[in-house]
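Notes follow once the structure below has been shown.
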Amino acid sequence: MSKYAPHHRTTNNPRATSSTICQKCLGTGHFTYQCKSSRPYVTRPSRTAQLENPRLLAKLKADGKPSVEVPEEFKNKSGIANRILEAKEKAREKDDGKPAKKRTKR
């Protein structure tokens, strides 16, 4: 050991209290870098579930209302694809009456 670099413990070594919460295992009494347990699985509602059920957002927001209004066409899950296909078929029928433009080669 060198006489110029003393190797002793410092007195300001932080100690975890009983209220210290580990970010990895969500346990108390130790820091994250001292954790030896595995991560628990925490279930959270998806964004779609939060938008459909405003009560799930009540924990995050005081008023409990979603920030975005969901259109009615997305609330009803059946028939969306059929409506899109019908709209495209109607657009094709309108375009069928017009003659197709041909390209000429140069």
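Here the condition is being over 25 Å from PRO14 (Cβ atoms) and modelled with pLDDT under 80; of GLU73, GLU52, it holds for GLU73 alone.
Can you say whether LYS36 is under 30 Å from ARG15 (Cα atoms) and either in contact with a Leu (Cβ under 6 Å, 6 or more places away or on another chain) or modelled with pLDDT of 85 or more (or both), as far as the supplied structure shows? When the stated conditions are applied, LYS36 passes them.
The values are calculated or read from the model by the stated rules, or taken from the named source; none is laboratory data. The model shown is predicted, which means the values in this text are computed figures rather than measured ones. Cβ: placed from backbone, ideal geometry, glycine included. Neighbour counts: every protein chain shown.
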